[in-house]
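Student: Before we start, here is the structure in question, set down as structure tokens.
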Amino acid sequence: MADLIHYTAAETAEAIASGTVSAVEVAQAHLDRINAVDEKVHAFLHVDTEGALAAARAVDEKRAAGEELGPLAGVPLALKDVFTTRGVPTTAGSKMLEGWRPPYDATVTRRLKEAGVVILGKTNMDEFAMGSSTENSAYGPTGNPWDLSRIPGGSGGGSAAALAAYEAPLAIGTDTGGSIRQPGAVTGTVGVKPTYGSVSRYGLIAFSSSLDQGGPCARTVLDAALLHEAIAGHDPMDSTSINAPVPQVVAAARQADVKGMRVGVVTEFGGEGYQPGVMQRFHESVELLRSLGAEIVEISCPSFTYALPAYYLIAPSECSSNLARFDAMRYGLRVGDDGNRSAEEVTALTREAGFGPEVKRRIMLGTYALSSGYYDAYYGSAQKVRTLITRDFDRAFADVDVLISPTTPTTAFPIGERADDPMAMYLADLCTIPSNLAGNAAMSVPVGLAPEDNLPVGLQIIAPALADDRLYRVGAAVEAALNEKWGHPLLEEAPAL
Ligand code: GLN
């Protein structure tokens, strides 16, 4: 049964539905794997053994009763610790929420449960999703299963590492500036940021509300599509939820055909500062798409150059407002409440003890950018840049069906290398941030290893808002062609743990 951990989500669901294996056996195989390797990987902050086995038993009982099972029933999943889970610890990677057990489920959590997905536990992440390496977690870093001394990306490094370490076939991430796609790229897994507003933010602990977007992570494009359809869709509990049909992403993943599609290569992403092996695999991907029948054109998006600075004003501004709720009165940590101190003093002491350095840096940056006298110069200008970026996308998508670029400028860097250099850390999201600012859809799909370090490289595919299906068409075509060329999926090359 050891092999069960290597099944795709689609294969797992089919094996359970046909009775070849039980959901409990599948859950147990993954829990055993977590027990065996997670001490080294540290993908999980909390493993919910009881909850997972109970959910699996419920699927087995449903099947025994002859009830119909959904397409992901019984499939195990690793959930980023930024989604609330009723009665199960939820920390967002922060000491501020240590020990908090939410009284309610996020909409994403609820939908997963309704789909019969077996939630194994909560994954490690940068504190409040601020970071690109998972080193900002208050609970220690996660290792990249390709090389445990390297970062698994961030902020959703735990989710990506859980996939790459075969601890779960599915995971959920959130992408505010790249936190699904960048970890996907550096771990050789698939990550999708759906169109903003298409996956509910209800119960997603807020970082930057106009950018935050939950989405699927998996080892294959089809698995990501199955998960996408399970979690997406209108939610009256989220005021920015889009009331429109979810694009047919599963059908698109099965179609896996790019014939006749117009694909734009973003001029601004490449060249100086990009690792040669990343560019090599990117250029090969362009040629691959051409050989599969896509028409390739080059597209300039000049405002993308300003995306990073605009993001690092908008995201901290929104975070400075969102994190004001952690006041020591309502949730989690409370420090210095000895009966003699004022509420204000307790709040200050709690924030001093409960927030890590990156969170404090962003709250200060954001508070400054929003302060009267500076608002127009900083936050206001950043919002104008945001509009220019959206216009660049609109112009591009008037000409092409999708845009492509490398997902990240480099492969996974060593843990500690950028920890003291926030600017270097921020650069990891250079290529992913524009889609968050504009709200459109984007995916990272593995395209091989960089020859100089044998670490995974991701191809980023970007589609217009509500055209998420195009990501899956292109991503699945690339994946199928590469699997055929190599004779196996990329992750089979990952060093065994
Ligand atoms: N790395 C970016 C940041 O630090 C993006 C984070 C994210 O997408 N949650 O803000």
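The values are calculated or read from the model by the stated rules, or taken from the named source; none is laboratory data. Note that the structure is a prediction, hence the values are computed from the model and not measured. Positions of Cβ are generated from backbone atoms using ideal geometry, with glycine treated the same way; all protein chains shown enter the neighbour counts. The accessibility values were calculated without ligands, DNA or RNA, using every heavy atom of the protein model including side chains. Shrake-Rupley method; radii C 1.70, N 1.55, O 1.52, S 1.80 Å.
Student: Under 5 Å between amide hydrogens, which residues at least 5 positions from H46 or on another chain qualify, with H placed 1.01 Å from N in the peptide plane?
Tutor: The answer is K122.
Student: If you find the alpha carbon centre of the range 248-318 and of the range 58-95, how far apart are they in angstrom?
Tutor: Going from one Cα centre to the other spans 33 Å.
Student: Where both partners of a DSSP beta bridge lie in the chain, what percent of those bridges are antiparallel, to the nearest 5? Mind showing how you got there, number by number?
Tutor: Details: 30 of 46 bridges.
The antiparallel proportion sits near 65 percent.
Student: On full extension of the chain, what length is gained from E68 through E493, given 0.36 nm per residue of separation minus the C-alpha to C-alpha distance?
Tutor: 149.3 nm
Student: In addition: What is the distance in Å between the Cα centres of the range 134-202 and the range 439-497?
Tutor: Centre-to-centre distance over Cα atoms comes out at 15 Å.
Student: Place the peptides 336-345, 118-127, 228-237 in order of packing, highest mean first, counting for every residue the other Cβ atoms within 10 Å and averaging per peptide.
Tutor: My ranking of the peptides, most packed first, is 118-127, 228-237, 336-345.
Student: Given points 7 Å out from each Cα along the Cα-Cβ axis, report the A398 to E352 separation in nanometres with one decimal.
Tutor: That separation, rounded to one decimal, is 5.6 nm.
Student: Relative to a virtual label point 7 Å from the Cα of R57 in the Cα→beta-carbon direction, which members of the range 1-39 show backbone nitrogen distances below 12 Å?
Tutor: Counting backbone N atoms under 12 Å from the label point, the list is 24.
Student: Let me ask something else about it. Once the Cβ-Cβ distance between S300 and E114 is put in as r, and R0 is 35 Å, what FRET efficiency do you end up with, to the nearest 0.05?
Tutor: About 0.20, to the nearest 0.05.
Student: Taking 60 Å as R0, compute the FRET efficiency from the Cβ-Cβ separation of E284 and Y104 and round it to 0.05.
Tutor: It comes to 0.80.
Student: With a 10 Å radius around each residue's Cβ, average the other Cβ atoms per peptide and rank 324-332, 472-480, highest first.
Tutor: Highest mean packing first, the order is 472-480, 324-332.
Student: Assuming 0.36 nm per residue, please report the length gained on full extension of the stretch N35 to Q383 beyond their Cα-Cα distance.
Tutor: 120.6 nm
Student: When ranked by the protection proxy of mean other Cβ atoms within 10 Å per residue, highest first, what sequence do the peptides 425-432, 97-104, 398-405, 174-181 form? Can you show the working numbers first?
Tutor: Numbers: 425-432: 24.6, 97-104: 14.5, 398-405: 20.6, 174-181: 32.1.
Going by the mean number of other Cβ atoms within 10 Å, highest first, we get 174-181, 425-432, 398-405, 97-104.
Student: Taking only protein heavy atoms into account and a 1.4 Å probe, give the accessible area per residue of the range 442-497 in Å². It would help to have the intermediate numbers written out before the result.
Tutor: Details: 1930 Å² over 56 residues.
For the range 442-497, the solvent-accessible area averages 34 Å² per residue.
Student: Given only helices, namely DSSP H runs of n ≥ 4 each adding -39500 (n - 2.57), what is the per-residue ellipticity at 222 nm of the chain, to the nearest 500 deg cm²/dmol?
Tutor: It comes out at -12000 deg cm²/dmol, rounded to the nearest 500.
Student: Now for a separate question. Provide the per-residue ³J(HN,Hα) series for the range 43-59, in order, calculated from phi with Karplus coefficients 6.51, -1.76, 1.60 and θ = phi - 60°, each as a whole number of Hz, with x at glycine and proline positions.
Tutor: Going residue by residue, I get 7, 9, 8, 8, 9, 9, 4, 4, x, 5, 5, 5, 5, 5, 4, 4, 5 Hz, with x marking Gly and Pro.
Student: Between H234 and D338, what's the calculated FRET efficiency when r is the beta-carbon distance and R0 is 30 Å? Round to 0.05.
Tutor: Numbers: r = 48 Å, r/R0 = 1.59.
Calculated value: 0.05.
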